[in-house]
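Remarks on the structure that follows.
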Amino acid sequence: QVQLVESGGGLVQAGGSLRLSCAASGRTLRMYYVAWFRQAPGKEREFVAAVSWNTDITYYTNSVKGRFTISRDNAKNTVYLQMDSLKPEDTAVYYCAADPIPSVKSDEYDYWGQGTQVTVSS
């Protein structure tokens, strides 16, 4: 069993930065594909970024490439999402998710955090 807890959301101005954290408990993430998703009002939950724990290979949706960086800390069993050059369209609830099988589809993930709100003002 895996429990995920997100933190680090908040309100920032456009062009600012935030770092989100996804702390896992219950078991190690070494066999998991860990992803960040986001959901804005009236929109479907969309893939943002992911990291393969074993290989450290990362993946990003096109809209955040060059601005967001996903990383992992093995000792802390934690995944981070560093968000720079934030835009108003980045405003959403951000969720951490984990699954043994890699995917960009939210309905294929078994474990989810509670979400953390990110709001970017114009």
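The values are calculated or read from the model by the stated rules, or taken from the named source; none is laboratory data. Not measured: the values here are computed from a predicted model. Note: ideal-geometry Cβ built from the backbone for every residue, glycine included; neighbour counts use all protein chains shown. Accessible surface areas use protein heavy atoms only, side chains included; no ligands, DNA or RNA. Shrake-Rupley method; radii C 1.70, N 1.55, O 1.52, S 1.80 Å.
Counting only protein heavy atoms and a 1.4 Å probe, the chain has 51 square angstrom of accessible area per residue. Couplings 3J(HN,Hα) for the range 59-72, derived from phi with the Karplus relation 6.51 cos²θ - 1.76 cosθ + 1.60 (θ = phi - 60°), are 9, 9, 6, 4, 5, 10, 4, x, 10, 10, 9, 9, 8, 10 Hz, where x marks Gly and Pro. Here the peptides 10-23, 55-68 are ranked by packing, the mean other Cβ count within 10 Å, and the order with the highest first is 10-23, 55-68. Based on Cα atoms of the chain, Rg over Rh with Rh as the Kirkwood radius reads 0.94. As a rough guide to protection, the peptides 37-46, 107-116 ranked by mean Cβ packing within 10 Å, highest first, stand as 107-116, 37-46.
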